[in-house]
């Protein structure tokens with residue numbers, strides 16, 4: 001076979017191999033795109049488990065929706081806005097669509113009326129949404145038990161639950177002074193204001209009666225929602241006790257107080273592991289039996305040593321750390337390393353929010369940024385502020401100050417289906433092939 005024939009055959013075979021290498025390098029696996037799509041789907045929130053002890057468990061499916069209700073929203077063919085939602089204190093549910101959480105008011109609406117309200121919102125995005133709303137859980141009346149009991153904390157009650165029902169559940173200790181059980185109740189006065197009403201009962205006289213005598217039902221009152229029950233101690237541990245509840249790491253009832261020096265609010269909150277990320281540290285309340293109104297302190301200032309806020313804790317104080325409201329967050333969604341809610345507890349700019357989110361994700365379309373601002377609960381009044389993150393990061397555009405409740409969005413990109421061909425590698429392969437041919441054909445030694 002002549003040298004020319006050898007060269008032609010080699011060139012044809014090598015070109016075929018080269019085309020396969022150049023076109024097939026780094027092909028994206030078939031399942032990768034599907035996996036990415038699955039990861040972008042919002043997780044479905046599991047239904048909350050109702051806490052119950054006494055009373056009827058049946059739920060009226062057509063009753064008006066109130067704060068703290070848990071409802072299920074089902075939108076046909078739309079998995080993103082479908083899910084289980086908890087109604088916030090303002091009566092809103094934050095419906096998710098296109099990666100954006102938008103509050104929709106359902107307060108006082110029946111499920112059928114709530115369906116219409118959610119349909120009206122979704123028509124901005126969907127031509128003919130089909131919505132079904134179902135009440136999953138309703139808030140139950142709760143009383144709080146503390147003091148000399150084995151199981152302190154909240155207990156759900158029914159319409160006819162009495163003191164003996166609750167204390168049997170909480171299990172009083174041997175050190176309990178049942179002759180002075182204190183019930184603190186909030187009641188409305190004639191002028192419409194609320195006041196604290198203390199009720200002292202001799203529970204021991206109710207449970208220890210002589211033969212043939214009738215129990216004194218006045219010492220076993222029917223309880224009401226939000227009643228606070230305190231069982232005194234026959235011998236006080238230390239200098240009394242205090243409870244810490246709400247958004248703290250380990251809510252605790254019956255923390256013994258130290259005699260000397262006095263304990264402060266900062267110290268007792270540290271004893272229960274500090275606050276959670278969702279805590280409203282600016283408005284921590286302290287309910288004191290001798291005061292009609294709770295004390296409100298700023299925990300951040302207390303931790304800085306401010307004596308006005310880092311107040312002394314007294315026996316039987318109840319410290320409560322509330323949860324931040326829905327609009328006290330910045331929502332970050334789309335092409336970021338970390339997405340979700342970030343607490344707005346100080347003045348925050350767009351750059352600070354993106355840094356807290358770990359920066360933009362690879363392949364994100366940084367020129368396609370949006371800030372969605374909701375001045376009220378009407379989605380039609382949503383303000384859209386466009387930004388180019390590349391220009392802001394490089395200083396070509398000024399930074400943007402955010403407001404509580406803002407949603408920051410950058411369009412997420414997708415990686416290329418094939419990585420770019422390395423031209424230098426391809427040229428090196430061609431050069432090696434040419435040298436190989438010359439050696440095999442004998443032209444390296446000057447052959448024809």
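Each label was represented as a point 7 Å from its Cα along the Cα-to-Cβ direction; for residue 278 and residue 355 these points are 2.8 nm apart.
By the count of neighbouring beta-carbon atoms within 10 Å, fewest first, 303, 325 end up ordered 325, 303.
Gain on full extension, evaluated as 0.36 nm per residue between residue 365 and residue 199 minus their Cα-Cα distance, stands at 53.4 nm. In plain terms, the chain from residue 209 to residue 403 could stretch by 63.5 nm, reckoned as 0.36 nm per residue minus the Cα-Cα distance. Counting 0.36 nm for each residue step from residue 394 to residue 62 and taking away their Cα separation leaves a gain of 114.0 nm. In region 326-410, Cα pairs under 8 Å separated by at least six residues give a relative contact order of 40 percent. Between residue 187 and residue 218, the simple spin-label model (points 7 angstrom out along Cα→Cβ) gives 1.4 nm.
Cut-off 20 Å, label point 7 angstrom out along Cα-to-Cβ of residue 301: give me the residues of region 259-273 whose amide nitrogen falls inside. Residues 264-270 fall inside that zone. Using C-alpha pairs under 8 Å with a sequence gap of at least 6, the mean separation divided by the residue count of region 140-235 gives a relative contact order of 40 percent.
Taking a virtual spin label 7 Å from the Cα of residue 293 along the C-beta vector, which residues in region 160-196 bring their backbone nitrogen under 15 Å of it? Under 15 Å, as judged by backbone N against the label point of residue 293, lie 193-196 of region 160-196. Each peptide among 305-313, 349-357, 225-233 gets the average number of other Cβ atoms lying within 10 Å of its residues, and from highest to lowest they stand as 225-233, 349-357, 305-313. The distance linking region 147-167 with region 341-411 is 48 Å (Cα centroid to Cα centroid, whole angstrom). The modelled label-to-label distance between residue 98 and residue 308, using points 7 Å beyond Cα along the C-beta direction, is 4.6 nm. Translational diffusion of region 140-235 was estimated from the Stokes-Einstein equation, with Rh taken as the Kirkwood radius over Cα pairs; at 37 °C and 0.692 mPa s the coefficient is 236 µm²/s. If you plug the beta carbon distance of residue 112 and residue 180 into 1/(1 + (r/R0)^6) with R0 = 45 Å, you get a FRET efficiency near 0.35.
Evaluated over the Cα positions of region 70-137, the convex hull gives a direction-averaged projected area, one quarter of its surface, of 4.1 nm². According to the Kirkwood relation over distinct C-alpha pairs, the hydrodynamic radius of region 326-410 is 12.9 Å.
Readers should treat all values here as calculations from the given coordinates under stated rules, not as data from a laboratory. Values in this document were obtained by computation on a predicted structure and should not be read as measured data. Positions of Cβ are generated from backbone atoms using ideal geometry, with glycine treated the same way; all protein chains shown enter the neighbour counts.
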